[in-house]
Amino acid sequence: MPVYAYEFRDRTAPFYFPALPGFQSLAYHTSDIPYYFPGFYGGPLGKAHPLDAQQSKLSDNLVTFWANFARTGSPNGQGNAQWPRYDVAPGRRGDYLAEKTPLSTLTDAEVSAAHKCDFWDPILQWLPSQLVSHRHRPRGVLQPAHEPQIDPLR
């Protein structure tokens, strides 16, 4: 079953909250929503967070990836950047799409190093196996809906 992994890395993503002195939001949880749904502002009480030119280009790429995936089961299509399959079979390196400007890829080893997996592995090994089944669990994964889904807790 093909799997496509990503990590959102745009550290300039619009921030939903008022400016906090000395705080830099970077790429935080849900910061990618305005990129997938341009114009999204969080509902009737929300505030619009327009994207700049580079962010709009990244948004166009991400929307194209997800639309292609919904249509064909693969995020790749003619004329857009390529998103490599995530494959950790022996002799392969798992590739992630780094969602930032410009688009790039990260290897499984790079993501593991960035997230200090070597530190966490001994700590997490005491957890029940159904909670930690794979050392390098992708943060974002695309899988075709017509094929069985991977349960992230198995």
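The values are calculated or read from the model by the stated rules, or taken from the named source; none is laboratory data. None of these values were measured; they are calculated from a predicted model. Because the Cβ atoms are built from the backbone with ideal geometry, glycine has one as well, and the counts that use them run over all protein chains shown.
Give the range 99-122 a look and list any residue that's touching a residue at least 60 places away in the same chain (Cβ under 8 Å) and under 12 Å from the mean Cα position of the chain (by Cα), or say none. Scanning the range 99-122 gives 99, 100, 106, 111.
Within the range 82-100, the only residue that satisfies the criterion of being surrounded by fewer than 14 Cβ atoms within 10 Å (Cβ to Cβ) and either of a type in the set (A, V, I, L, M) or closer than 24 Å to residue 28 by Cβ (or both) is 89.
Here residue 3 meets each of (1) modelled with pLDDT of 85 or more; (2) in contact with a strand residue (DSSP E or B) (Cβ under 7 Å, 6 or more places away or on another chain); (3) closer than 16 Å to residue 104 by Cβ with one exception, condition (3).
If we keep just the residues of the range 71-98 that are touching a residue at least 40 places away in the same chain (Cβ under 8 Å) and either assigned to a helix (DSSP H, G or I) or among the aromatic types (Phe, Trp, Tyr) (or both), which is farthest from residue 113 (Cα to Cα)? If we take residues in the range 71-98 being touching a residue at least 40 places away in the same chain (Cβ under 8 Å) and either assigned to a helix (DSSP H, G or I) or among the aromatic types (Phe, Trp, Tyr) (or both), then 83 is farthest from residue 113 (Cα to Cα). Modelled with pLDDT of 90 or more, touching a strand residue (DSSP E or B) at 6+ places or on another chain (Cβ under 7 Å) and hydrophobic (A, V, I, L, M, F, W, C) - does that describe any residue in the range 14-36? There is no residue in the range 14-36 that is modelled with pLDDT of 90 or more, touching a strand residue (DSSP E or B) at 6+ places or on another chain (Cβ under 7 Å) and hydrophobic (A, V, I, L, M, F, W, C).
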